[in-house]
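The values are calculated or read from the model by the stated rules, or taken from the named source; none is laboratory data. Not measured: the values here are computed from a predicted model. We place every Cβ from the backbone using ideal geometry, glycine too, and count neighbours over all the protein chains shown. To get the accessible areas, we keep the full protein, side chains included, count just its heavy atoms, and leave off ligands, DNA and RNA. Shrake-Rupley method; radii C 1.70, N 1.55, O 1.52, S 1.80 Å.
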Amino acid sequence: MRVIHLSLADFRNYAEAEAAFAPGRNLVVGRNGQGKTNLVEAIAYFASLHSHRVSADAALIRAGMDTAVARMRVGVNDREALLELEFNRHAPNRARINRNAQRPRELMRWFSAIVFAPEDLMIVRGDPAGRRRFLDEALVARTPSLAGVLSDYDRVVRQRTALLKSARANRAGSAVNATLGVWDEQLTALGSRIMFERRALLGALSTPLQQAYHSLVEVDHEPRLILQETVAQALGGGPADVSRETGGVELDPRNGATEGGPAAGDAVDGDGASSSDVSRETLERDFRAALAAVRSQELERAVTLVGPHRDDVLFALNGLPVKGYASHGESWSFALSLRLAVAELLRHESPAGDPVMILDDVFAELDTERRARLMEAVDTYEQVIVTAAVEADVPRDREWHTIRIAAGTVVDPHEPGSFGPGGGHDAVDGAAVPRSGADDS
């Protein structure tokens with residue numbers, strides 16, 4: 001998979017922009033504050049429907065404007081597709097695929113990208129919300145239909161929590177139990193699906209994570225992923241490995257990669273049971289029991305206390321948590337390894353092949369040795385897009401297709417061939433094959 005051309009109108013600091021990209025290595029270079037990150041932010045948005053920098057889409061629209069447009073031509077094997085996004089300040093965003101109106105969520109079927117950014121350090125050093133976001137982004141990248149499940153789950157949590165707050169305000173705890181039961185059924189059905197998929201994801205990432213970390217540091221620090229589930233904690237389940245105080249599910253690397261690509265490893269809980277023995281039905285039953293166990297606390301605190309919205313994943317090196325114990329360099333290597341592991345998983349599972357690798361100002365954060373090793377790790381992918389303030393930050397022992405940015409202008413677009421308003425390319429010669437696991441509802 002690769003980006004062929006990007007066209008922007010009123011996006012961030014770009015009034016208009018046209019940029020052509022090449023297969024292989026692409027370097028977007030410009031001084032800080034000129035707009036190079038904005039350019040790759042637009043590309044990455046097509047893969048996840050959110051920015052890796054801000055939570056609200058309104059920030060993506062140029063100041064003083066009500067609408068921004070991003071158009072991107074992508075190639076998959078020998079086919080192409082035209083993806084379009086319209087960002088609206090006062091209305092829902094709109095999307096088109098090959099000039100046909102579609103729900104924005106459908107774009108994720110057609111494009112996949114992995115973004116490496118300085119903010120990634122907070123995945124391992126920050127709060128649990130960042131780690132949950134990492135897990136859920138990887139879930140959607142792997143199976144786009146899960147975007148709907150996650151959205152529905154968030155909606156149910158909000159509505160159930162609103163009911164708990166109303167019950168506390170009106171001192172109607174007993175009267176609200178019947179209504180809570182309705183929300184409990186939806187919460188456990190959706191939540192158990194997310195728990196099941198997260199366990200499968202972490203199991204599948206186990207071996208690629210170890211391989212990626214070793215490729216960056218050439219030392220075996222035994223990187224591990226330990227899922228900490230609030231359902232297990234509420235039921236007093238036995239903890240695993242280094243998460244002894246919290247209750248966790250460790251993803252065992254013993255089931256490594258197969259000839260067809262990375263395979264899901266066994267998840268080991270406190271009793272040594274394998275996640276392959278834990279069905280969604282069992283997870284749903286446990287979730288329901290956990291809700292019953294914390295019901296009085298929920299009514300008192302007016303908060304939904306258990307479920308994947310409060311879970312965490314513990315990252316460990318040499319049997320110790322990365323957060324609080326690892327050095328700056330080890331933390332960076334772990335964060336980069338997480339992204340590389342997800343990319344490797346998508347490479348083997350997606351019919352569209354390699355995701356586009358986007359490295360946004362990452363090389364400036366690394367020493368020379370780690371720069372070289374990271375470049376070696378991503379260089380085998382079909383397309384790599386790197387941003388840098390100075391070219392000296394990027395390994396120069398390779399050829400680069402260079403795009404230069406200055407003051408919100410692409411000053412070196414390399415034959416843009418615009419397909420924006422008034423431009424050509426209205427027809428697409430053959431549509432790219434959408435990725436599997438899409439939500440067709």
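Grab the Cα-Cα distance for ALA302 and ARG94, subtract it from 0.36 nm times how many residues apart they are, and report the gain in nm with one decimal.
Extra length available between ALA302 and ARG94 comes to 71.3 nm.
Explain nothing, just compute: Karplus ³J(HN,Hα) = 6.51 cos²θ - 1.76 cosθ + 1.60, θ = phi - 60°, for every residue of region 190-198 in order, whole Hz, x for Gly and Pro.
Rounded to whole hertz, the list is 6, x, 5, 5, 5, 4, 4, 5, 5.
Going highest first, how would you order 183-193, 216-226, 316-326 by mean Cβ packing within 10 Å?
Ranked by mean Cβ neighbours within 10 Å, highest first: 183-193, 216-226, 316-326.
What's the center-to-center distance, using Cα atoms, between region 189-213 and region 328-367 in Å?
Measuring centre to centre over Cα atoms gives 16 Å.
Tally up the carbon and sulfur contribution to the accessible surface of region 358-409 as a whole percent, 1.4 Å probe, everything protein left in place.
For region 358-409, the apolar C and S fraction of the accessible surface comes to 45 percent.
Set Lys and Arg Cβ to +1 and Asp and Glu Cβ to -1, take the dipole of region 301-365 about its Cα centre, and tell me which of GLY329, ILE358, VAL306 lies farthest positive.
Of the listed residues, the answer is VAL306.
Read phi for every residue in region 66-83 and hand back ³J(HN,Hα) as whole Hz from Karplus 6.51 cos²θ - 1.76 cosθ + 1.60, θ = phi - 60°, with x for Gly and Pro.
Running phi through 6.51 cos²θ - 1.76 cosθ + 1.60 with θ = phi - 60° gives 9, 9, 10, 10, 10, 10, 9, 9, 10, x, 10, 6, 9, 10, 10, 9, 10, 10 Hz.
Magnitude of the Cβ-charge dipole of region 115-201, K/R +1 and D/E -1, about the Cα centre, nearest 20 debye?
300
With labels modelled as points extended 7 Å from the Cα through the Cβ direction, what inter-label distance (nm, one decimal) is found for ALA15 paired with ARG79?
3.9
Show the residues, 5+ positions off or on another chain, whose built amide H is closer than 5 Å to the amide H of ILE4.
ARG73, VAL74, GLY75
Can you tell me the dipole magnitude for region 64-139 around its Cα centre, using point charges on the Cβ only (Lys, Arg +1; Asp, Glu -1), in Debye to the nearest 20?
220
If I stretch the segment between THR179 and GLN159 completely, what's the gain in nm (0.36 nm per residue apart, minus their alpha carbon distance), one decimal?
Extra length from THR179 to GLN159 when fully extended: 6.1 nm.
Between ASP152 and GLU391, what FRET efficiency comes out of the Förster formula 1/(1 + (r/R0)^6) with R0 = 56 Å and r the beta carbon distance, rounded to 0.05?
0.75
Spelling out what I want: for every residue of region 199-213, take phi, set θ = phi - 60°, compute 6.51 cos²θ - 1.76 cosθ + 1.60 (Karplus), and round to whole Hz; glycine and proline get x.
4, 4, 4, 5, x, 5, 7, 4, 5, x, 5, 4, 5, 5, 4
Among 69-82, 330-343, what's the highest-first ranking by average C-beta atoms within 10 angstrom per residue?
330-343, 69-82
List the residues, sorted by chain then number, that are 5 or more residues from VAL386 or on another chain and whose placed amide H is less than 5 Å from its amide H.
ASN26, LEU27, VAL28, LEU359
Quick query: amide H of GLY307 versus all other amide H atoms, modeled in the peptide plane; which residues come in under 5 Å with a sequence gap of 5 or more or a different chain?
THR230, VAL231
Given Cβ point charges of +1 (Lys, Arg) and -1 (Asp, Glu) and nothing else, what value in debye, to the nearest 20, does the dipole of region 1-124 about its Cα centre take?
Values: 17 positive and 13 negative charges, 32 e Å.
The dipole of region 1-124 has a size of about 160 debye.
Among ARG198, ARG158, what's the order by accessible area (1.4 angstrom probe), most exposed first?
ARG158, ARG198
Using a basic spin-label model with each label point 7 Å from the Cα along Cα→Cβ, how many nm lie between ALA169 and ARG133?
2.9
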